[in-house]
Amino acid sequence: MWDYTDKVKEYFFNPRNAGLLEDANAVGEVGAIACGDALKLMLKVDPGTERIEDAKFQTFGCGSAIASSSALTELVKGKTLDEALKLTNADIAEFLGGLPPEKMHCSVMGYEALQAAVANFRGEEWKDDHEEGALICKCFGVDEHMLETAIRVNKLTTLEMVTFYTKAGGSCATCVEGIEGVLAKTNAQMVEEGLIAKDQAFVAGKGEAGNVKRKPQVKPAVELSDDFIQLEVFNDEMRAPPPKLTMVQKVKLVEEAIGEMRPTLKRDGGDCELIDIDGDRVLVKLTGACSNCQLSSLTVSGIQERLAAKTKLPLRVVPVAA
């Protein structure tokens, strides 16, 4: 498993400021559940001073995503919007005592959510959608501007590090040429600006692409708590296509996976029931404590990752009202 710091574990097991902020007047949403990670950052800002009085989050993702989102809310509270905008993903990672390189994209997501929330408060346009021709990685929705920002802020000089920080190129690899072009161009500019040495700059076509780890590969599950199973998905062995299952086989595996989690959910006063399977979407009904728990997104994430381990399929869990 990844080498997580004690603070990352603490902020995953006991996340601060999770849930809805009813009187939020600044909201930033980034990512997408279909891509594996999504974050909704909610801020309560004093209109007169632009000081952040409160902050909460809802995250769909792995333990590092939850910890990074929680850390972000702690970092921004009490700051003015201008002060908060000076924070970078590196500050989030540093607050947590560091993140594994493969999980740095979680801190980048927090950085983007903050920018989106501030733009929302100020009535400015923050584009999470992409202008034609600007989208580089379709699998994870990463555009050229996002790549350039991550490369500059974190002084990235290899394709592998770009993937770790942004996920770009971590799936089908058809965008590698485009990533190489952005990385080479941005590194050349950074050399001219004295930000990195010339011998550190990336040179397109140097054959690094084969070393980049791809998604959605799943290693054996590592149980991080009684409630959730976190799966490490950077695994070179899963370039093979997913197994072909009949609908009956798929339903059986999904029911088994949910059944394995139900005792834990029931112990906490909740439950989960399979409603339907529609393509790669698994529709479930959360009941009891799970239906209104502030951390229900963690429950959904745990179920989804359990399904991935059980079926070896890129299934997406969607809670519905039956």
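Readers should treat all values here as calculations from the given coordinates under stated rules, not as data from a laboratory. None of the values given here were measured: they were computed from a predicted structure.
Brief remarks on what is shown
- Karplus-derived 3J(HN,Hα) values for the range 88-99, using 6.51 cos²θ - 1.76 cosθ + 1.60 with θ = phi - 60°, are 10, 4, 5, 5, 5, 5, 5, 4, 8, x, x, 10 Hz; glycine and proline are entered as x.
- Of Lys103/Lys198; Lys244/Lys310; Lys167/Lys250; Lys103/Lys310; Lys56/Lys138; Lys7/Lys77, those spanning more than 21 Å from alpha-carbon to alpha-carbon: Lys103/Lys198; Lys167/Lys250; Lys103/Lys310; Lys56/Lys138
- Spatial separation of Cα centroids for the range 15-72 and the range 90-128, in angstrom: 10 Å
- Evaluated at q = 0.15, 0.16, 0.20 Å⁻¹: base-10 log I(q)/I(0), Debye formula over Cα of the range 1-87: -0.56, -0.63, -0.92
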